[in-house]
Each structure stands twice: as C-alpha cells, then as structure tokens.
C-alpha cells in the first residue's frame, strides 16, 4: 500500500522532453485493429482513457510522442487508443475489467488478455511494461489462468491480482468460503479481507465480518473492528451526499446494527465540509476539538480526517498550511506514516513553487525509508526537484523550434516584457529559419511573458504568445500557435487553455466563419462573428480567473493575472497587494502598476478629446525631416482628420485605400488628413508609407506608445481617428474604421 500511495506524488514529477515521432495509433474500429494484428502477427496495445483523466493527458502529451517510446511500440505492437466512455469504449472497458484510467491493456490478435498496467508512468516504466507484455513468463494473463490447484499461496496470489488491477473477486470469495472457522478467524485472514473486500458498507466481506464481529474483535481488537465499520459507513454517507440523497437512513442503519460511532461520523462529515465550502476558519476552529474528542489515541483518524483534509487545501490559506504542518509533525513524532506525511508536505510546497523547501521534506521521507530498509519510491521525485532547482537557478533557456517549413529563409525572434525598463519590451536577436526549424537561446531570472514573430526583414508574417522560462524545450508550430513541450509555465499560461475542448470548439467556430467568407458589412454576419468572439473571450476569462484563484504556485497566479488581463478588474489593486505578499516587488507587478497608471492617464486624456472639446496641438516631423504643426494645417483647411496608425496594423493598412478615396473626393473642398505613425523603426514606417503612397501629411516621432503625443490623445489602439474643424474643435472620433466617417463627411461637405 505504501508504494501505491507514494507513487501518486511521483507521477507528476517527470518532465520529459521530446518532439520526434512517437507512437502511431490505429484509427479504425476494434475489428480492423485485430485484423491488422493478425496480418502483422503482433500483440495489440490499447490505451483506455477518458476526456477528464489528467494522467491520461500527461501520457498522451509527454510519453507517447517520444522517439524511443515510438520506436519500441511501433515495432512490437499494433497501437490503439479508445475513449472508455464513447463508441466501442464502454463495452471493451467492461470486457477487460477497466475500472481506473489510464489502463494500458495488451491482448493477442484474437483479443485475449495478456498484460496490463494502470496509471501514469515515466518513459522507462512504460517501455518496461511493453517488454513484460512481450515476455510470456511475465504476462499477467498467466495469473488469471492459474487454477486453485497450482497456487501454493492464495493470499499472495490474490494480492498480486489486486495490485495489478486484475479481477480477483471470484477467486477471493471462493478462497474465503473454503476456510475452516479456525483459519477464517485469524489476524492474517482479517487483514486480507479488509484489504480486498471493497469499500462499501455491504456485500460478502462486510456481512462476513459483521456476522463474526465478536470473534474478530478477540483476534484483532475491538477498536480495529469498530474502525472497519466506521470507515465503510463514512464512505456510504459521503456517497449519499454526493448523490444528493438523504443520509438519515444510513444513520438509522448504523444504530440498528448496534454501532455507536454516529456522532463521530457526523463530526467528521461536518469538519471536512468546512474546507470544501471555503470556510477555512471553521475548519481551523473545529479541528482541534475534533482531535480531542475522537483521536487522542487514534493516529489513523488524525492522519486521515485532519492531516489529509488540511493538506488538500493547504495552499488555499496560509493558516491551513501551518496547521497541516503542525499536525504532520505530531504524526511524525509518534512514528506514524512518517514517509507519507513528509511526502504530502513536500508536495504542498512543490505545488506552491517552493522547490527548496519541498526538497527538504522529500529528503526526510527518503531518509526514513532508507533507515527502515523499505523501498524508497521518492528517489525519482528528489532527482527531479534537484534538476528543476538547478535549471531555474542557472536561468538559461533554449527553444528548439520546428514546424516552420513554410517560413524557410525568414527570421525568427522573441520579445518579452523588460524587467529593467518597466513598461517596455525587449527583442532577442533574430535567427534564420532553416529546414523548417531554428534554435534560440537566452537567460531569464524569472518566467517572462512575451511573444514570438516570424519576419521577412522588418515585415512580420505571423506572431504569437510565449513564456520565456528556464530550461531546454522542444517547440512546434501547430496551427497558429507554438506548443512548448513540457513547458511548465507555458502550459499554465497558454497551452492549458488551448487544450480545453470548449476553447478548441470556439476557435473552430471562428475559423469556420471566416472560411465561409461572409460579408462583414452584413449586420447579421457581424452579430454572428461577435457571438463567436465573445464565447472565446468568456472561456479565456474563466480559465485565467480559475488559475488565479485556485493555483497554489504564486508565479502561476501572477502569470494568469497578467496574461489574462485580470488587472483590468475593479479589485485589481487589492489583488496586487496579495501577490506582493508572496512575490515581493516582482517586475511583472511593477509592469502591471505601470500599465494601470498609463491606462488611468490615457482615460483622462481620452476624455479631454471628446467631441466638442478643443483639440490639443502638437508638432512632429515627416519622412523628409520637415516639421509639421497641427495649428497651421487647421488654419488652411475646413476639416482635418488626425489618423493614428502603424505599419504593423492590418486594419490601419486595410483602411488606407478608402481614406484615399475620401481624400480625393473632399480635399479640394478643404479636407486634409494628417497621419501619425506609432512605429518605432523609421525603415518600417518609411516602407509602409511608400507602399501605401499616401497623398497627405504623414508624421511620427518613432516612439510608438511611449510617444507623448500618443499619450496626450489617450490612444489605446489603432486605427484611431479625430475629425477636427478649422477652429480646433473635435467634431467626430472613432476607434477602428466604419462607414460613419463617410456619413459625417457627407453631412459636412454636401
């Protein structure tokens, strides 16, 4: 049991990097898979998974794609994935006794069971599982074929079946029924029945122990037997509550059967409910009383009902974590589940991003295991944490990027929020894309939100988001996004969202809309697109709010707060202070405060450019270096359109042809356009201006959003337009482009 419990901690620690060809799965039905296995004379490997299974997703994302795994499984097996809840899945899952996920089953070409493994595992374990499936001497199917006459130690055989998640009930019941009274009423048989008899407060084992309750009490003790029934009924009450059924009949049954633990059971249910309802203060208040009343000499109850329940919510409230550690230290002092307690505490700190403290607790668990001479399942966890600490402290990142074949010969570069110049971005050196791939390296002291772009000279062809984090990663362009394999912070910031089925559906709906090439001038088409876009935004907001609210790692919470734009919410300042309590004056928090201040100033400035207000005057230079002054242009014309744009702004560039039509139509009547570019590189501004061949006054100060002119007008995005009369009064403004400008000019000039 100890190995099974601790393996839960370890399964999440393996961050394995690979991008090569992995397992090739068949896509036909079960009959076609068996037919192919017969044709190629191979064993069949089946991955039984569900859409909600976390370990299933980890196998699919981290293990199945690896080259070594793919080479081995593709050579030796016909590989098949099936959702155990859809199509043929339920029937096949029942046939092979699948009750947990993932379950990895191996059969012969006829579909006869040979071998299986259950749960998440690392690359080496997964390959070793396949080797065992190929070895007739190691196949678990042999256990099922053994009959009673050939089994010398039936309890060991039954435990082996249970450990391997193989069906054992028939053999178990037959064995127990075969025992004489003297053989049944032993401590060894009692332990076997408790271990293999199921969790329900009913059935063969429950009835047998109940009918022989006094006899078993003489063998193992009254408290032990009483605790057995207590746990069964506690499980029954929890099950009823989950199904929203009345629990009163269960308490009646407890009383009718002569048990006196109803009050303890009710107190347990009440205590554990506090944390699930977010009433952490209630748990902290009642837990000591619960221990005093029900667990003074019962470390099992202390461990299960108080320590484990506190551990589940330790990262939701610091006081819960402190109390969990206090109770844990008390259990350790009493030499109860020392390794497990230390591992639980270590995992709590690991989830919170405190790797060094986590390592200390895992090391204590390992030291205890070695001292007692028992198997030490935390070795892999310790190795993994040490490697992560070393990577983070070094700070180097390497991204091996592939999938860029369509951009061969172009350049790739990253940009990220600056920790030195708050509010600005830093660009990395560009690297050339050769044979669809490139590698880019750098160093960061903390995960840094940023982006990536593919460039033809200064012309950006495509772009996306990425987190620069320490480590070496394989990255692939999939669709419009880069997928960073095993990227810890990239997953929580971006990939976790992209993997959500409802988000994929929302993106597909938008793509399908554009594929139909509907006329966006049509009102209904615009409404349809808006609906799809709003669905996407709502899913994003819900995802980032969930990460910010519930994730234990403060760095993940900060990234969700930043990337998810949660700092736009009304309570942002309060939440920033909470993040500062965990992360100090982190540069991203400074960046957020900088943006919030800019936003406030911009709103004030934008309000000063409302229709009817006097425009603020400025001077700037055109591409020839000639100074332009707005007041002079206003005096010479009836109306002037001040147009903010940029070379990289698609909608801006798309609107220019129509602006040229308006210019041609009204220029002789006293209409002028003054454009102001938000570019920061003269060659980009110059190239775009020459390509568009704009006939009007074209200016910039090449400071982009840092421009005092841009700030003065409260420009939050482009295109942004102000229509000003000769007296300097703003008569019309718009964000983006619309036909309303046409109507306004027609009204003014015609």
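Throughout, read-outs are computed from the coordinates displayed, never taken from laboratory work. The shown structure was predicted, so the numbers you read here are calculated from the model rather than taken from an experiment. Neighbour counts are summed over all protein chains in view; Cβ atoms, including those assigned to glycine, are modelled from backbone coordinates with ideal geometry.
At an R0 of 56 angstrom, the distance between the Cβ atoms of residue 75 and residue 667 translates into a FRET efficiency of 0.15. Shape class of region 23-83 from the Cα gyration tensor (axes a ≥ b ≥ c, square roots of the eigenvalues): oblate, since a/c reaches 1.5 or more and a/b does not exceed b/c.
Inter-label distance, residue 478 to residue 238: 3.4 nm, where each label sits 7 Å from its Cα along the C-beta direction.
Sorted ascending by nearby beta carbons within 10 Å, beginning with the fewest, 458, 281 become 281, 458. Pairwise Cα separations in region 509-553 fall into 5 Å bins from 0 onward with the following percentages, short to long: 5, 21, 21, 16, 11, 9, 9, 5, 3, 1. Peptides 255-265, 168-178 ranked from most to least packed give 168-178, 255-265, packing being the mean of other C-beta atoms within 10 angstrom over each peptide's residues. Relative contact order of region 163-387: 9 percent, from C-alpha pairs under 8 Å at least 6 residues apart in sequence. The long axis of helix 318-333 is offset from the longest Cα principal axis of the chain by roughly 30 degrees. Applying 0.36 nm per residue to the separation of residue 574 and residue 523 and subtracting their alpha-carbon distance, the gain on full extension is 14.3 nm. Against the chain, whose longest principal axis is taken from its Cα atoms, helix 67-76 shows a tilt of about 50°. In square nanometres and to one decimal, what's the mean projected area of the convex hull around the Cα atoms of region 544-678? In nm², the orientation-averaged hull projection of region 544-678 is 11.8.
Centre-to-centre separation between the Cα atoms of region 107-135 and those of region 691-738: 66 Å.
Peptides 418-425, 341-348, 539-546 ranked from most to least packed, by the mean per-residue count of other Cβ atoms within 10 Å: 341-348, 539-546, 418-425. Label-to-label distance, residue 354 versus residue 443, with points set 7 angstrom from Cα along the beta-carbon direction: 2.9 nm. At full extension, residue 91 and residue 460 could sit 127.7 nm farther apart than now, given 0.36 nm per residue minus the alpha carbon distance.
Relative contact order of region 396-485: 36 percent, from C-alpha pairs under 8 Å at least 6 residues apart in sequence.
With both residues required to sit in region 608-749, DSSP beta bridges show an antiparallel share near 60%. On the beta carbon distance between residue 421 and residue 100, with R0 = 35 Å, the FRET formula returns roughly 0.10. Using C-alpha pairs below 8 Å separated by at least 6 residues, the relative contact order for the chain is 7 percent.
Modelled this way, with points 7 Å down the Cα-to-C-beta line, the labels at residue 270 and residue 207 are 3.5 nm from one another. Hydrodynamic estimate: the Kirkwood radius of region 220-305 over Cα pairs, inserted into Stokes-Einstein at 37 °C and 0.692 mPa s, corresponds to D of 240 µm²/s. Shape analysis of region 396-485 based on the Cα gyration tensor places the equivalent ellipsoid semi-axes at 21, 15, 11 Å, largest first. Let a ≥ b ≥ c be the square roots of the eigenvalues of the Cα gyration tensor of region 50-148; is it rounded (a/c under 1.5), or, if not, prolate (a/b larger than b/c) or oblate? Cα axes put region 50-148 in the oblate bin. Within the chain, DSSP assigns beta bridges of which about 70% are antiparallel (rounded to the nearest 5). Full extension of the chain between residue 322 and residue 50 gives 94.3 nm of extra length, using 0.36 nm per residue less the Cα-Cα distance.
Going from the fewest other Cβ atoms within 10 Å to the most, the residues 411, 664, 608, 677 appear in the order 664, 608, 411, 677.
Under the rule a/c < 1.5 gives rounded, and otherwise a/b versus b/c splits prolate from oblate, where does region 275-316 land using the Cα gyration tensor? In terms of gyration-tensor shape, oblate.
Against the set [x] 1.31; [y] 1.23; [z] 1.01, the structure's computed Cα Rg over 2.2 N^0.38 Å falls on [y]. In summary, region 188-269 shows an alpha-carbon radius of gyration equal to 1.08 times the 2.2 N^0.38 Å reference for compact globular proteins. The three principal axes of the Cα atoms in region 608-749 give end-to-end lengths of 38, 28, 27 Å, sorted in falling order. Among 720-728, 38-46, sorting by the average number of other beta carbon atoms lying within 10 angstrom of each residue, highest first, gives 720-728, 38-46. So how tilted is helix 740-749 from the main axis of the chain? Cα-based, degrees 0 to 90, rounded to 10. In the chain, helix 740-749 runs at an angle near 20 degrees to the longest axis. By the count of other C-beta atoms within 10 Å, a proxy for reagent exposure, 220, 537 are ordered fewest to most as 537, 220. Computing FRET efficiency as 1/(1 + (r/R0)^6) for residue 181 and residue 277, where r is the C-beta to C-beta distance and R0 is 45 Å, gives about 0.40.
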